[in-house]
Amino acid sequence: MDGGVGGGGAEGELTAQETALYDRQIRVWGVDAQKRLSKAHVLVCGMNGTTIEFCKNIVLAGVGSLSLMDDHMVTEDDLNANFLIPPDESIYAGRSRAEVCCESLKDFNPMVRVSVEKGDPSLIDGEFLDKFDIVVVSGASLKMKLFINDNCRKRSKRIAFYAIDCKDSCGEIFVDLQKHSFVQKKPGRETEQQELAYPSLQEAISVPWNNLPRKTTKLYFAMRVLESYELSEGCSPGETTLSDIPAVLARMKDMCNKMSLNESHIPAALMERLLAAGKREHPPVCAILGGILGQEVIKSISCKGDPIKNFFYFDAADGKGVIEDIPTSPPSAN
């Protein structure tokens, strides 16, 4: 299977209107990449401050089609980070997040097909997924992310999977491109064909912590603890509060003991920040995460540039973005 998402290629021509509209980006990544982008079909499950930044970016870039899935009704809380929802209650009352965001996104680029897919993402079947080349999931439980990722991997064509979440000042992106071929630029304008093999989400989070490099970001461990606690308690993402901190810290201690990891790798203050965040998103962090994800999806579709493998983390407390390649070979004893 070639590296093109969903088997897309450079065949066919862009219309004169597309060539004129996307002239600047064609100069950056080339006409073949723009052709691939114009044939790609993207599904986004979960409309929040992070995913709407991503949607805006790929719609402006000229993706072939974008489907939105989120049947939750718009609430006043959604206005805090989702700039696609008008503040006028008479416009959004009684309507789903996907419906309102779809209407707004269509105005960004009328050449992109934006539509709504109704239904529960946890019931998505493989035949439904076959319509898409890229699937992005946000605000979902670990169980749902594992389910959708597993279904993407079972299809005969390659479907790239991304999970993205923002916890106020902290964010995480997971990437699974399965087997991905891409062209990498070398010094002197030379190009070289590269191939990466990605683990599934289940494989990535199952790596024993004592096998990971010592410098692995604390956010990786903290997010796994939070997911484990939510799963065991049957909580939806963001439903935990600071009142849960004693139970969460007890679970963290238990997980560290089982994984032979010193508890100092996961500061209690970081766990408190994640619990205090709830479902709240910090718009500047949403913009960073959505921008990174948009860039990564375009790399995946165009097969140009070195993609993230396989986690990306951002914490506004230190202002740094960190890429973690997990699983990885056990660290050297030296």
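The values are calculated or read from the model by the stated rules, or taken from the named source; none is laboratory data. Please read these numbers as outputs of a predicted model, since none were measured by experiment. For neighbour counting, all protein chains shown are included, and Cβ atoms are generated from backbone atoms with ideal geometry for every residue, glycine included. Side chains included, ligands, DNA and RNA excluded: accessible areas come from the protein's heavy atoms. Shrake-Rupley method; radii C 1.70, N 1.55, O 1.52, S 1.80 Å.
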- prompt: Quick one: with all protein chains in place, what share of the accessible area of the chain is carbon or sulfur, to the nearest percent (1.4 Å probe)?
  reply: 50 percent
- prompt: With every protein chain present, what is the per residue accessible area of the stretch 264-331 (1.4 Å probe, Å²)?
  reply: 40 Å²
message: Distance cut-off 29 Å, Cα to Cα: go down the list LYS143/LYS185; LYS35/LYS218; LYS157/LYS309; LYS157/LYS299; LYS157/LYS258 and report the pairs above it.
response: LYS143/LYS185; LYS35/LYS218; LYS157/LYS258
- request: Could you rank PHE128, PHE221, PHE108 by how accessible they are, 1.4 Å probe, largest area first?
  value: PHE108, PHE128, PHE221
- line: Of the convex hull drawn through the C-alpha atoms of the chain, the volume per residue in Å³ is 148 Å³
task: Under a 10 Å cutoff between Cα atoms, tell me which one of ALA316, ALA81, ALA20 has the largest fluctuation in the Gaussian network model of the chain.
output: ALA20
- request: Estimate the FRET efficiency between GLU190 and ASP107 by the formula 1/(1 + (r/R0)^6), using the beta-carbon distance for r and 45 Å for R0, to the nearest 0.05.
  value: 0.60
field: For the stretch 181-334, Kirkwood radius (reciprocal of mean inverse C-alpha pair distance, Å)
entry: 17.6 Å
message: Report the Cα centroid-to-centroid distance between the stretch 118-177 and the stretch 183-240 in angstrom, as an integer.
response: 14 Å
query: Most mobile of ALA250, ALA222, ALA204 per a Gaussian network model of the chain (Cα springs, under 10 Å)?
result: ALA250
- prompt: What ³J(HN,Hα) values, in whole Hz, does the Karplus curve 6.51 cos²θ - 1.76 cosθ + 1.60 give for the stretch 43-49 when θ = phi - 60°, with x put for Gly and Pro?
  reply: 10, 10, 9, x, 9, 9, x
- prompt: If we count GluC sites (Glu not before Pro) as exposed when they sit in a DSSP loop and have at most 16 other beta carbons within 10 Å, what is the longest stretch of the chain that avoids them all?
  reply: 14-238
- line: Of the candidates GLN184, PRO213, TYR198, the farthest towards the positive dipole end of the chain (Lys/Arg Cβ +1, Asp/Glu Cβ -1, centred on the Cα centre) is GLN184
query: In a GNM of the chain with a 10 Å cut-off on Cα contacts, which of GLY278, GLY30, GLY305 has the highest mean-square fluctuation?
result: GLY30
task: Would you please give the FRET efficiency between SER90 and ALA247, computed as 1/(1 + (r/R0)^6) with r the Cβ-Cβ distance and R0 = 45 Å, to the nearest 0.05?
output: 0.60
- request: State, to one decimal in nm, how far the label point of GLN17 lies from the label point of MET73, with both points 7 Å from Cα in the Cβ direction.
  value: 3.8 nm
- prompt: Looking only at the stretch 211-232, which residues have a backbone nitrogen under 19 Å from a spot 7 Å from the Cα of SER264 in the C-beta direction?
  reply: 211-222
- request: At 1.4 Å probe size, with every protein chain present, just tell me what the per residue accessible area of the stretch 79-237 comes to in Å².
  value: 47 Å²
query: What's the FRET efficiency of SER206 with VAL183 using the Cβ-Cβ distance as r and R₀ = 30 Å, to the nearest 0.05?
result: 0.40
